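The values are calculated or read from the model by the stated rules, or taken from the named source; none is laboratory data. Source: prediction; values computed, not measured. Cβ coordinates were reconstructed from backbone atoms using ideal geometry, including for glycine residues, and neighbour counts include every protein chain displayed. Accessible surface is based on the protein model in full, side chains and every heavy atom, while ligands, DNA and RNA are left aside. Shrake-Rupley method; radii C 1.70, N 1.55, O 1.52, S 1.80 Å.
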Amino acid sequence: MTPVLELIDVHYEASFAGNPVPILKGCDYFVEAGTSLAIVGRSGSGKSTLLSLMAGLDEQTTGSIRLFGQSLMGMSEDQRAALRAQHIGFVFQNFQLIAGMTALENVMLPLELFGESDIKQRAEAVLGFVELSHRLHHYPSSLSGGEQQRVAIARALVSRPALIFADEPTGNLDETTAQMIQQLLLSLTPKTTLIVVTHDLDFASQCQQRVHLVQGKLVPVT
Amino acid sequence: MMSLTLRWFWRSTQRREYLWLWLAVILSSASVTLISQVSQSVRATMVAETVNSMGAQLLLRSTQPIDRHWAEQAAKAEITVGELIQLNTMIAVDDAFQLVSLRAVSPAHPDSRWLTFEAGAQDQVVIDQGLAQKMNLSIGQTLALGKQTFRIVGIHSHQDPLAMMVNQLAPPVFIPISQIDRLGLTGEGSRISYEHSFLGKPDAVEKLYAALQADKRASWQLIRADQSSQDLENTLSTAWLFLDIAALTTLLIAGLSILIASRFYLQRWVQTLALLRALGVTQARLFGVFGGQLMLLAIMASLIGTAIGVIGFYALVPVLTLWLPSFTSDIPWLPMLMGMVSSSLTFWAFTLPLFWRMIQTKPQQLFRQTAHSVAQQRLAWLISGILLVLVMALLLPAHLRWWVMLALGLTALLLWGFALLLQRVIFRLQPITRGWLRLVIANLKQDPLSLKLQFVAFGLVLYLLLLLTLVHVQLIHHWQASLSDTTPNVFIINVQPEEVQDVQQQLQQHQLSAEMIPMLRARLIQHNDRRLSPEDFSAGRAKRLLEREANMAILSDLPAHNTLLESITNDQRQSQLPAVSVERGMAELFQIRPADRLVFDIQGQTITFQVTAIRDVVWQSLQPNFFFIAEPWTQEALPLTYLSSFYDNLTPSTSQALKASLQQASPSLLWLDVRALIDQIQQLMQQASTAIRFLYGFALLASILVVMSATLAAREARYRQWLVLRTLGAQQRQLILIGLAEYALIGLLAGTLAALLAQLSLALISVYWLALPIHWDIALWLWSLGLGSGSLVLIAVLSQAKLWSMRPRALMHHNE
């Protein structure tokens, strides 16, 4: 199968008070299309940093990251943004919905930004998929945490991405709601590839692949 | 506790945590200090100039001799007393005669400063330069004055165009006061005015003024150097009011910036306060630690602002000196105190309610951010209101304080109403917009209070700047429009009937068209059955009009530039009385109605007229205008003279030659050239308008601070949003477009608000002040919208440029 993502000896150093601090010390991995991958690890181990690098939100210090066969190294910010717009959806831990927009408007936003067609119908359909057809015109402040995260997932799905990154998507939710969100995300595979950073071992165990980030390296969990 | 307060304050200051609060307080104290210092110094300079030109702090003028004891009383108080006796009389040089204003002065009188009499000699006279030119006189020549012959020992010239014009009517001639009795001109029936000038220590002169005021006679006129002219005083009062309002506007707008910034900073304190309360720190201690920090900020920032204001003032001194050559800077203590106190009060007025709320709230409320007690808030708002009133009381003159407060309150309500309306309109528009515009409106919706404050602050300043510019332009345009290209710029008066033909011929030879208008000098003495006396009127204008003779034209038809307002019917006409029409202002002053009877003293003859019409006159048209126009009647024995005006387009030398030739043909003819006067007025208007607009620049800076504070308050949300957009795949140009469009929209809406208000104000000014039809000023709207959006886009570029180039990961760190 074609890998949608390849990590080859990825190193990343952050700068703290002017001193370089190694976070990732040679990560190698590849993710095949249609699978689900959970990245687990202790707090501060660099999971979110790794996710940012994989999504092209930051640039590794050395090594290579290839998304859909294209190397991210050397790409401009706008080229990476275009790649994300075309292939990637992103779900944040704290939802990151636009407060002044309704659920429907939040989901329509990516399509509007890229001038696509049938925007409203597509957004309504995706919101229907996450079972929020009755909340289309509600603002984020009047939605529960679970509902907000479902809106965020709908926003990530609406542009029909091939790959979804989720950064601790159930971190701010209660157990029941978290399970509902987990099932929703897992149901996206195999049509979509899912890469999720999580502390929730139960959620991780339901993913097809699991890796543990330990001392800056990825260790597959069997 | 003090050391903790100081430590935290120092730490926060080092981290530039309260930057926008610092800037707002600094700006407000700097602007108040600078504006107060400018107005105080200009005021002091103008009083000093008046004292200098009057040569005294106080003048007592009287139509009756002044009792000696006033001079003695003044001398006892070490006040220098100058004396002057003035009367109009004729001089003779060979066969030529000329009306002059004879001024007999004592050595201590201010006029003596420029007179050079030789000690001991009795037959000396100093004459005006205009008289010297007119009669071809020079030092050493003689002239006859009353029963005596005098030798010219000096020629005095005046630089002021207005004085030069007035002096043309009756040029001044000076003699020592000791000579006046020898002339035989001061007998009974002579119209003489007496004057005492007083110059001494301000306290002593003030005491003397109080004593004179207490014993004031009907024949007296008291003139103080600081209130030398009612018209000038009114004009200056208006200018001071403009300056005071400029300072107040800056303070209030800076206050809005303080409000937005303190909301942001105090919000950051919430968790700390809640934690400290939960740990058992008392409310009083919290008040001390956090209130102390705010107090330190207010004091230090206002000190810095005050220092900047004083430095700014001294930097401006060279510019002010260009405007007022004798400009002297007054001691800056009072403006400094004003700057410090008013900015500190403004700071607390806008910070207190929020701070109060934070301190009063229970820990769990702070953690959960739940509602606060309404009663507690009311008290805080009440204290804020009192502080604001104190600020206004500090800055505004007492007699206008309540009116200005009322006007400001109403304006604030109006602005708030407009801002609310605009906000609703754009929020309603959101569903029908899409893409970046929808996102922009969504951003604006996040903090409606901040949005309205930005509308109000920026809209108000734009409005004031537009209005100042437009009123200035409108006034000048209106004035210039009322003057055609051939508006008269030269007046000739006092032409004798037998000289009219010759004068007319000479003018025609130069293709100058000029109608010769016959006129009389007439003094109004009775209205219907009521004798009119200056003592019966309190208005200075009425007094002056009754004390002097006015020009009365004799014309069959009203001049074209006069508008008939009211007239009598044929039934009301009393044909045995000559008819007179009266100018509207004069009619209002003496409550004259059509068909009333007016009695005039015309060179000793008493003649009764019937008022047949009331008419309106455009005084600024520079056409010959008259308070009274009588229809021709039998006027055999009346001393008529002729007046004319024309547009002089000749070369200066030809014009000068014509003037000399006319004065030869008509020795009593007076040539009044008003060009220098018009230039002087225009220059003054331009300078005053520029100065006022410059000072409103502070208000503009304050409004920019409001927008910057709002930008700061929304910064966290902006970082978050841009991270989301970048993650969703938005391109940099889309981020820039969204960032700019948000500000451009605020600018456009603030511009709309400003244009709307300016258009409304202009319409009111047009109708009620200039009596012009209302017109839709497209340029006003374009300027307002362009300036509003343009300046805010500039602010957006300055405040966001760094953000646009940030990597998504860096944005993420800001959010962590």
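Below is a table of values for the structure above.
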{"quantity": "Residue within region B:766-774 that is more than 26 Å from B:S450 (Cα to Cα), among the small types (G, A, S) and more than 14 Å from chain A (Cβ to nearest Cβ) present", "calculated": "yes"}
{"quantity": "Single residue of region A:161-177 satisfying the filter (touching a Gly at 6+ places or on another chain (Cβ under 9 Å) and at pLDDT below 90) that is surrounded by the fewest Cβ atoms within 10 Å (Cβ to Cβ)", "calculated": "A:T176"}
{"quantity": "Residues of region A:50-91 classified as closer than 16 Å to A:Y12 by Cβ, among the hydrophobic types (A, V, I, L, M, F, W, C) and open to solvent by 50 Å² or more (accessible area, probe 1.4 Å), total", "calculated": "1"}
{"quantity": "Selected residue (only one of B:R733, B:R807, B:R726 is farther than 20 Å from B:L437 by Cα and within 11 Å of chain A (Cβ to nearest Cβ))", "calculated": "B:R807"}
{"quantity": "Flag for B:L34 being under 30 Å from B:L252 (Cβ atoms), surrounded by fewer than 21 Cβ atoms within 10 Å (Cβ to Cβ) and of a type in the set (A, V, I, L, M)", "calculated": "no"}
{"quantity": "Hits in region A:114-146 - residues which are assigned to a helix (DSSP H, G or I) and open to solvent by less than 20 Å² (accessible area, probe 1.4 Å)", "calculated": "A:I119, A:A123, A:L127, A:P140, A:G146"}
{"quantity": "Identity of the residue in region A:30-54, of a type in the set (S, T, Y) and over 17 Å from the mean Cα position of the chain (by Cα), that ends up farthest from the other protein chains (Cβ to nearest Cβ)", "calculated": "A:S45"}
{"quantity": "Identity of the residue in region B:418-442, open to solvent by less than 40 Å² (accessible area, probe 1.4 Å) and not hydrophobic (A, V, I, L, M, F, W, C), that ends up farthest from the chain's Cα centre (by Cα)", "calculated": "B:G435"}
{"quantity": "Odd one out for A:I98, checked against (1) more than 8 Å from chain B (Cβ to nearest Cβ); (2) crowded, with 23+ Cβ neighbours inside 10 Å; (3) under 27 Å from B:I441 (Cβ atoms)", "calculated": "(1)"}
{"quantity": "Residue in region B:315-329 that is open to solvent by less than 70 Å² (accessible area, probe 1.4 Å), closer than 19 Å to B:W20 by Cα and out of contact with any Lys or Arg (no Cβ under 9 Å at 6 or more places or on another chain) present", "calculated": "no"}
{"quantity": "Residue among A:F90, A:F114 that alone is touching a residue at least 60 places away in the same chain (Cβ under 8 Å) and at the interface with chain B (Cβ under 9 Å from one of its Cβ atoms)", "calculated": "A:F90"}
{"quantity": "Pick from region B:276-309, criterion modelled with pLDDT of 90 or more and among the hydroxyl-bearing types (S, T, Y), ranking: farthest from the chain's Cα centre (by Cα)", "calculated": "B:S302"}
{"quantity": "Filtered residues of region B:171-217 (kept if assigned to a loop (DSSP other than H, G, I, E, B) and under 24 Å from B:R113 (Cβ atoms))", "calculated": "B:P171, B:G200, B:K201"}
{"quantity": "Criterion violated by A:M73 - all others in (1) outside any loop (DSSP other than H, G, I, E, B); (2) more than 9 Å from chain B (Cβ to nearest Cβ); (3) in contact with a Ser or Thr (Cβ under 7 Å, 6 or more places away or on another chain) satisfied", "calculated": "(1)"}
{"quantity": "Count of residues meeting criterion [away from chain B (no Cβ under 12 Å) and touching a strand residue (DSSP E or B) at 6+ places or on another chain (Cβ under 7 Å)] in region A:55-70", "calculated": "8"}
{"quantity": "Within region B:395-490, helices (runs of 4 or more DSSP H) holding 3 or more residues that are away from chain A (no Cβ under 14 Å) and modelled with pLDDT of 80 or more", "calculated": "B:398-429, B:448-482"}
{"quantity": "Some residue of region B:267-282 being in a helix (DSSP H, G or I), closer than 24 Å to B:L4 by Cα, open to solvent by less than 20 Å² (accessible area, probe 1.4 Å) and of a type in the set (F, W, Y)", "calculated": "no"}
{"quantity": "Region A:180-201, residues that are in contact (Cβ under 8 Å) with a residue 12 or more places away in the chain, surrounded by fewer than 22 Cβ atoms within 10 Å (Cβ to Cβ) and more than 17 Å from A:A55 (Cβ to Cβ)", "calculated": "A:M180, A:L184, A:L186, A:T189, A:P190, A:K191, A:H199, A:D200, A:L201"}
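Condition check ((1) open to solvent by less than 40 Å² (accessible area, probe 1.4 Å); (2) modelled with pLDDT under 80; (3) part of a helix (DSSP H, G or I); (4) among the small types (G, A, S)) across all residues:
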| position | (1), (2), (3), (4) |
| --- | --- |
| B:P65 | no, no, no, no |
| B:G82 | yes, no, no, yes |
| B:I85 | yes, no, no, no |
| B:M90 | no, no, no, no |
| B:E118 | no, yes, no, no |
| B:Q122 | no, yes, no, no |
| B:S138 | no, no, no, yes |
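Residue by residue, here is whether (1) more than 22 Å from A:P3 (Cβ to Cβ); (2) under 13 Å from the mean Cα position of the chain (by Cα); (3) acidic (D, E) holds:
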| residue | (1), (2), (3) |
| --- | --- |
| A:H137 | yes, no, no |
| A:A156 | no, yes, no |
| A:L184 | yes, no, no |
| A:L213 | no, no, no |
